[in-house]
Amino acid sequence: MDGLNLNPRWLDWTGQRVWLVGASSGIGAALARALMARGARVAVSARRADALAAVIDGQPLGIALPMDASRPQDWVTAHDALRNAWQDVDMVIFCAADYRPLRPWEVTADEARRTIDINLCSVYYGLASVLPQMLSRHAGSLVLLASVAGYMGLPNATIYGPTKAALINLAELLYAELHPRGLGVYLVNPGFVKTRLTERNDFSMPALQTTEDAADAILSGLARGRFEIAFPSRFTRAMRLASMLPYRLRLALLQRLMKAT
């Protein structure tokens, strides 16, 4: 493997057992449909049972497992049910997310708690549930959906951005700890994708992609065994470079962005 291809390459999805959490809409729903179309067995989880049913409608390879990702016991219950159905899980994709555009003075304690629970704590709850079995088999893969909003501070992302920065940090740590034990760890950093969450933005979103574009980019990255799957490449590369600027330049750039939004 070269420096970019740090993980197993997912080229044939036939019969692979994928648990996708946060799949009722947006990138998660599009990715679930794309995986089932490629022959994977896909379990979709989120709070809205009706939306999950719509995602797997007519798909014999799909299973709906309604759950609240911010509740640790829901992870245990859903994982037990999935193991009863499939025996094991080959990949868990963490897609659950919440976002509301907020400036610092608009933050409330309830808003902070809810967003952090969904975006960050839910991943830890999931890891506590699925990792023991994966480690005992020395097999399995974890996919964390973060965002380029985690590269640096961005307007309106007062809570959302830091949770995604934490996921980037966590994915790096997980890779270092788990790759030697036979597990794959993949970090997904999308740019702007047209979803019900980004519809809340009242500013122009450069390089806006569809959820189907996002699903294709993720599957392409998994096929290459990439650790970081960032897209669209031109936009995410520019964001990465901006995050590497000295603070004097980076903070000046951020202040200009804040004034423009």
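The values are calculated or read from the model by the stated rules, or taken from the named source; none is laboratory data. No experiment lies behind these values; they were computed from the predicted model shown. Neighbour counts run over all protein chains shown; Cβ positions are idealised from the backbone, glycine included. Ligands, DNA and RNA are excluded from the accessible area calculation, which covers all protein heavy atoms including side chains. Shrake-Rupley method; radii C 1.70, N 1.55, O 1.52, S 1.80 Å.
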Tally of residues being of a type in the set (Lys, Arg) and open to solvent by 80 Å² or more (accessible area, probe 1.4 Å) across segment 102-118: 2
Identity of the residue in segment 116-145, free of Cβ contacts under 8 Å to residues at least 60 places away in the same chain and of a type in the set (Gly, Ala, Ser), that ends up nearest to Arg17 (Cα to Cα): Gly140
Odd one out for Arg9 among (1) under 22 Å from Arg83 (Cα atoms); (2) of a type outside the set (Asp, Glu); (3) open to solvent by 10 Å² or more (accessible area, probe 1.4 Å): (1)
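Okay, residues lined up against (1) outside any helix (DSSP H, G or I); (2) among the aromatic types (Phe, Trp, Tyr); (3) in contact with a helix residue (DSSP H, G or I) (Cβ under 9 Å, 6 or more places away or on another chain):
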site	(1), (2), (3)
Pro180	no, no, no
Val188	yes, no, yes
Ala215	no, no, yes
Ala223	no, no, no
Residue in segment 107-115 that is outside any helix (DSSP H, G or I) and either touching a residue at least 12 places away in the same chain (Cβ under 8 Å) or more than 28 Å from Met36 (Cβ to Cβ) (or both) present: yes
All positions within segment 145-165 that are in a helix (DSSP H, G or I) and open to solvent by less than 30 Å² (accessible area, probe 1.4 Å): Val148, Ala149, Gly150, Gly161, Thr163, Lys164
Test: residue in segment 209-217 that is β-branched (Val, Ile, Thr) and either open to solvent by less than 30 Å² (accessible area, probe 1.4 Å) or at positive phi (or both): yes
Scan of segment 25-59 for residues that are open to solvent by 30 Å² or more (accessible area, probe 1.4 Å), touching a residue at least 60 places away in the same chain (Cβ under 8 Å) and out of contact with any strand residue (DSSP E or B) (no Cβ under 9 Å at 6 or more places or on another chain), ordered by number: Ser25, Arg38
Qualifying residue in segment 134-144 (condition: within 20 Å of Phe192 (Cα to Cα), in a helix (DSSP H, G or I) and not acidic (Asp, Glu)): no
Segment 161-200: number of residues that are under 13 Å from the mean Cα position of the chain (by Cα) and modelled with pLDDT of 95 or more: 13
Meets criteria (crowded, with 21+ Cβ neighbours inside 10 Å and in a helix (DSSP H, G or I)) for Leu20: no
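Within segment 77-106, can you find the residues that are of a type in the set (A, V, I, L, M) and within 13 Å of Ser122 (Cβ to Cβ)?
Ala78, Val92, Ile93, Ala96, Ala97
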Which numbered condition Leu61 misses (of (1) of a type outside the set (Phe, Trp, Tyr); (2) farther than 26 Å from Trp13 by Cα; (3) modelled with pLDDT under 95): (2)
Unmet criterion (only one of (1) part of a helix (DSSP H, G or I); (2) open to solvent by 70 Å² or more (accessible area, probe 1.4 Å); (3) under 22 Å from Ala96 (Cβ atoms)) for Arg196: (1)
Filtered residue count, segment 234-251, keeping only those that are surrounded by 12 or more Cβ atoms within 10 Å (Cβ to Cβ) and not basic (Lys, Arg): 8
Members of segment 60-97 that are crowded, with 17+ Cβ neighbours inside 10 Å and part of a helix (DSSP H, G or I): Asp74, Trp75, Ala78, His79, Leu82
